[in-house]
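The values are calculated or read from the model by the stated rules, or taken from the named source; none is laboratory data. Since this is a predicted model, take the numbers as computed values, not measurements. Virtual Cβ from ideal backbone geometry, glycine too; neighbours counted across all protein chains shown. What goes into the accessible areas is simple: the full protein's heavy atoms, side chains included, and nothing from ligands, DNA or RNA. Shrake-Rupley method; radii C 1.70, N 1.55, O 1.52, S 1.80 Å.
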Amino acid sequence: NSEGEIRQPRKVLFIVTEMDKEELQTIMLAYLSGVDEDHIMNNTYEGDEEERVDKANEILLESGIYILDMPEFTVDSLSERIDEYAKMYNVKNVIFDYIQNNGFVAKEIQAKTKIPQREDMVLLQMTESLKQAQRRNHIGILSSVQTNGQEETMEIPTVSCIAGSKGLVRKLDGCIIMLPPKRLEKQAIE
């Protein structure tokens with residue numbers, strides 16, 4: 001800043017559920033270094049690539065990014081881990097990849113409510129849990145969810161193509177639908 005003070009990076013928790021921690025780390029190293037992922041994974045560096053990856057690794061280690069692998073998460077375990085990292089490691093932002101029904105969530109909710117859970121209800125409960133963790137810890141949470149297939153028939157996709165859309169969208173602070181442009185969108189751009 002203008003007073004010469006060095007700002008520490010805001011700490012981030014990245015929770016992965018389908019790709020493993022090493023895969024995400026390789027993607028991050030490739031991005032930071034500008035070195036192809038295959039060169040990193042196969043240790044087939046060219047020119048100064050190895051030094052660039054080493055420097056990227058130093059940057060990543062000092063970045064304040066924590067990567068947590070949680071393929072068998074539940075609503076409760078996810079909330080507990082977010083709370084833990086916010087309190088113990090002063091994490092200010094969480095990236096959760098991604099809101100889904102992994103089976104464990106539905107079983108947990110069904111055990112609590114004694115009612116079988118529809119897919120949209122599971123996604124809504126996940127979203128509500130993330131929203132509560134955000135408020136409780138005064139942090140930012142970024143996540144994603146899959147589409148429900150309706151985008152295939154829409155000329156211009158809207159929030160109704162988001163899986164669990166009706167209840168889920170009401171919980172969001174913001175929403176971006178990222179899809180390849182449709183014919184009408186391409187025409188509007190032209």
> Among LYS166, LYS87, LYS114, which one moves the most in a GNM of the chain with springs linking Cα atoms closer than 10 Å?
Replying inline: LYS114
> Share of the stretch 94-136's accessible area from carbon and sulfur, percent, 1.4 Å?
Replying inline: 57 percent
> Given the chain, what percent of its DSSP beta bridges are antiparallel, to the nearest 5?
Replying inline: 5 percent
>> What number comes out for accessible area per residue over the stretch 1-111 if the probe is 1.4 Å? Units Å², please.
In response: 61 Å²
> What's the lysine pair count for the stretch 48-152 at a Cα cut-off below 24 Å, pairs eight or more apart or interchain?
Replying inline: 5
> Taking the chain as a Gaussian network, Cα atoms linked when under 10 Å apart, which of ILE40, ILE99, ILE67 shows the biggest mean-square fluctuation?
Replying inline: ILE40
> Once amide H atoms are built 1.01 Å from N in the peptide plane, which residues 5 or more positions from LEU142, or in another chain, come under 5 Å H to H?
Replying inline: VAL94, ILE95, PHE96
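Can you compute the equivalent ellipsoid semi-axes for the chain, i.e. the square root of 5 times each eigenvalue of the Cα gyration tensor, sorted largest first and rounded to whole Å? Mind showing how you got there, number by number?
Values: eigenvalues 207, 121, 66 Å².
After scaling each eigenvalue by five and taking roots: 32, 25, 18 Å.
Suppose R0 equals 45 Å; then what is the FRET efficiency for LYS114 and ASN90 from their Cβ-Cβ distance, rounded to the nearest 0.05?
Values: r = 39 Å, r/R0 = 0.86.
Efficiency for this residue pair is about 0.70.
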>> From the phi angles alone, apply the Karplus equation (6.51, -1.76, 1.60; θ = phi - 60°) to the stretch 19-25 and give each ³J(HN,Hα) in whole Hz, x where the residue is Gly or Pro.
In response: 7, 8, 4, 5, 4, 5, 4
> So how far apart, in nm, are the two label points at GLU72 and ASP20 if each is 7 Å from Cα heading toward Cβ?
Replying inline: 1.6 nm
